[in-house]
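Data block below; observations after.
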Amino acid sequence: MLLRMAVCARLCGVGQSRRCRRRQRQSQADQESDSEMDMDEEEDERVVGKLKDDLDGSSCHKTRGAGPSGGLEASAGPPHPQSLLDLPPEILVEIFSSLPGTSMPNLALVCKQFRQILNTETIWRRRCTEEFGMKDDLRKMEIVGMSSRELYVKMLHPYRHILGLWQPDIGPYGGLLNVVVDGLFIIGWMYLPPHDPRVEDPMRRRPLFRIHMWEKNKATVECMYGHKGPHKGDIQTVKKDEFSTKCNQTDHHRMPGGRQEEFRTWLEEEWGRTLEDIFHEHMQELILMKFIYTSQYDNCLTYRRIYLPPYLPSDLLQPGLFKGTYGSHGLEIIMLSFHDSKAKATKLTGDPNVPAGQLTLEIDLNRPLRLPDLEHQRNMDELSRLVMGVHMEAQRGLQDQDAPPEGSEASPPQDAGGSDSAPPAGEESAGAVAAECSDTPQTQPFVLPLGVMARNEVYPRTCKMCFYGTGLIAGHGFTSPERTPGLFVLFDDDRFGFIWLELKSFSFYSRLTDQLTHAQAPNIERFEAMLRNMQSWTS
């Protein structure tokens, strides 16, 4: 530990000669790190052996002491190293291996010896493993004659900014793209929900593009769209947290049978059925509309970065991504996050009514609801009375916040026990419900009211807690959007539901359990800013 601390302290002033210090000042001003990282490769043994010889007579090596004739003599060196250049080459390899790859270009400019030792494969093999999770794949790569340094410098480092989660700009439909290091490739996987209505099935993945190093000294981008195999593509970084893909051979996307065959294939992949199997005429129209709209984006597509929500121990459950049923629109992907006393569900995929990026659910965690017995749960009127009582109280609370200060003519003072503040007859206040919820069992029986439509009839028959919330509904084209009251039902740590009172429908959500790397937000401020931007993309 002490040695590494000393190394970090000396990196800005290593080397004793004027030439070394001049090179270091040059390295601090040089920002073209990628081009400087392209160094000639040498065998590890040759590098280490040559470095030992160079260190003995290097012009950068420190000299001290005077001979009888007054000239300087090369000292055998003190028992304790005074600079990095006094260390054995194998120690320098170990030190450099622990540094991030982004520091290597400037380190190579310090002096000739540093540049030589940075050709050692051990350093780059460790960088590929620690920064990008590559292990056994590196051995396969070295068998075909590709070095770890080439892989890092020419593919992993230049394309590191596109790793993580992204939302494609496909109008109201959105989507979820996960870019990962997969074997010896960087692959962009489009995540698709399971076939409707099997919400608890695993996600489906489809590759949209890949990047590899099979062509010598060059990272190659290939489009994976269509059914004719990989073909030429391109990736461009538009700006920070945004990039675009382009296909250079769109003829690979076409099928011999024309658009009809393309539609049948797409329908089978998207819905797992034929159009004849879908009897609902409105659903047929929605499916055909989606195919026509999304097929326009098979040539060029733009992606915007998204982050997974941060987690606090006080959160009701682990935030994250969930699949949910949305009636005729099929299954959609939402992001559940917590914000003080609110839980918010934001659409990552959407539809022509409520597009991707919008806040589909907002749950008030300060307003829990205690369900009646099973017999009364089956009664839709009973559920509506219960939820609407809390809804009216929540609306009065919002009005009180917006009301003028006490004493003004527009807002006469009211008795706290007066009729204006009391809930309707037969209804309990949210405060009373919250107090009694502490005595509620860990689980309680649950059943959907009669008359409530559910795409998935297989839902849990017990729940942990229920809360008042609102859901966003709108007309086609996101016209006349409004938030309507509903009931949020927490079944367990991985499943929840929402009853839309006005629509008399039930949405069932199940957690997306895939491991998603490079997706954590740097801080809560960046995550909050991302949520605000997502709504503006499709508003």
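Among (1) modelled with pLDDT under 95; (2) of a type outside the set (D, E, K, R); (3) more than 19 Å from PRO368 (Cβ to Cβ), which single condition is LEU317 missing?
(3)
Taking GLN520 as meeting all but one of (1) under 17 Å from THR349 (Cα atoms); (2) open to solvent by 60 Å² or more (accessible area, probe 1.4 Å); (3) of a type outside the set (Val, Ile, Thr), write down the number of the exception.
In the conditions (1) under 17 Å from THR349 (Cα atoms); (2) open to solvent by 60 Å² or more (accessible area, probe 1.4 Å); (3) of a type outside the set (Val, Ile, Thr), GLN520 misses (1) alone.
Under 8 Å between Cβ atoms, which residue pairs at least 6 apart in sequence (or on different chains) link something in the range 180-203 that is farther than 17 Å from MET155 by Cβ with a partner that is small (Gly, Ala, Ser) and not in a loop (DSSP other than H, G, I, E, B)?
From residues that are farther than 17 Å from MET155 by Cβ, the pairs are VAL199/GLY324; VAL199/SER510; GLU200/SER510.
Between a first residue in the range 271-291 that is among the aromatic types (Phe, Trp, Tyr) and a second residue that is surrounded by 10 or more Cβ atoms within 10 Å (Cβ to Cβ) and in a loop (DSSP other than H, G, I, E, B), which pairs have beta carbons less than 9 Å apart while being 6 or more apart in sequence or on different chains?
Once the first residue is among the aromatic types (Phe, Trp, Tyr) and sits in the range 271-291, its partners that are surrounded by 10 or more Cβ atoms within 10 Å (Cβ to Cβ) and in a loop (DSSP other than H, G, I, E, B) give TRP271/HIS195; TRP271/ASP196; TRP271/ILE278; TRP271/GLY330.
May I ask you to list the residues in the range 271-293 that are open to solvent by 40 Å² or more (accessible area, probe 1.4 Å) and within 30 Å of the chain's Cα centre (by Cα)? Reasoning before the result, please.
Of the range 271-293, the ones open to solvent by 40 Å² or more (accessible area, probe 1.4 Å) are 273-277, 279-282, 284-285, 288-290, 292-293.
The answer is LEU288, MET289, LYS290, ILE292, TYR293.
Conditions tested, residue by residue: (1) in contact with a strand residue (DSSP E or B) (Cβ under 9 Å, 6 or more places away or on another chain); (2) assigned to a loop (DSSP other than H, G, I, E, B).
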| position | (1), (2) |
| --- | --- |
| MET255 | no, yes |
| GLN260 | no, no |
| GLU270 | yes, no |
| THR302 | yes, no |
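Among GLY233, GLY183, which is the only one that is among the small types (Gly, Ala, Ser), surrounded by 19 or more Cβ atoms within 10 Å (Cβ to Cβ), at pLDDT below 95 and outside the structural domain of ASN353 (by the TED database)? If you could, list the steps in order and put the result at the bottom.
Values: GLY183 fails: surrounded by 19 or more Cβ atoms within 10 Å (Cβ to Cβ).
Just a single option satisfies the conditions, and that option is GLY233.
Exactly one condition in (1) free of Cβ contacts under 8 Å to residues at least 60 places away in the same chain; (2) within 27 Å of the chain's Cα centre (by Cα); (3) closer than 24 Å to LYS154 by Cα is false for TRP266; which is it?
Tallying (1) free of Cβ contacts under 8 Å to residues at least 60 places away in the same chain; (2) within 27 Å of the chain's Cα centre (by Cα); (3) closer than 24 Å to LYS154 by Cα, TRP266 fails exactly one: (3).
Report every pair of residues separated by at least 6 positions or lying on different chains whose Cβ atoms are under 6 Å apart, first residue within the range 323-340 and not assigned by the TED database to the domain that holds GLU200, second aromatic (Phe, Trp, Tyr) and modelled with pLDDT under 95.
Between residues of the range 323-340 that are not assigned by the TED database to the domain that holds GLU200 and residues that are aromatic (Phe, Trp, Tyr) and modelled with pLDDT under 95, the close pairs are GLU332/TYR326.
Can you pull out every residue in the range 144-184 that is over 14 Å from PHE132 (Cβ atoms), part of a strand (DSSP E or B) and among the hydrophobic types (A, V, I, L, M, F, W, C)?
Within the range 144-184, LEU165, TRP166, LEU177 qualify.
Would you mind telling me which numbered condition in (1) surrounded by fewer than 19 Cβ atoms within 10 Å (Cβ to Cβ); (2) part of a loop (DSSP other than H, G, I, E, B); (3) at pLDDT 90 or above ARG206 fails?
(2)
Within the range 524-533, how many residues turn out to be open to solvent by less than 70 Å² (accessible area, probe 1.4 Å) and within 13 Å of the chain's Cα centre (by Cα)? Break it down into steps so the answer makes sense when it comes.
Keep residues of the range 524-533 that are open to solvent by less than 70 Å² (accessible area, probe 1.4 Å), which gives 527-531.
From the residues that got through so far, the ones that are within 13 Å of the chain's Cα centre (by Cα) too are 527, 530-531.
Residues that pass the stated criteria total 3.
From (1) out of contact with any Lys or Arg (no Cβ under 8 Å at 6 or more places or on another chain); (2) open to solvent by less than 20 Å² (accessible area, probe 1.4 Å); (3) under 26 Å from VAL180 (Cβ atoms), pick out the condition that doesn't hold for SER510.
Failed condition: (1).
Considering every residue within the range 192-201, establish whether at least one is within 22 Å of LEU359 (Cα to Cα), β-branched (Val, Ile, Thr) and either open to solvent by less than 20 Å² (accessible area, probe 1.4 Å) or in the same structural domain as THR479 (by the TED database) (or both).
Yes, the range 192-201 contains a residue that is within 22 Å of LEU359 (Cα to Cα), β-branched (Val, Ile, Thr) and either open to solvent by less than 20 Å² (accessible area, probe 1.4 Å) or in the same structural domain as THR479 (by the TED database) (or both).
The values are calculated or read from the model by the stated rules, or taken from the named source; none is laboratory data. These figures come from a predicted structure and were not determined experimentally. In this analysis, Cβ positions are derived from the backbone assuming ideal geometry, glycine residues included, and neighbour counts consider all displayed protein chains. Surface areas here come from the heavy atoms of the whole protein model, side chains and all, with no ligands, DNA or RNA. Shrake-Rupley method; radii C 1.70, N 1.55, O 1.52, S 1.80 Å.
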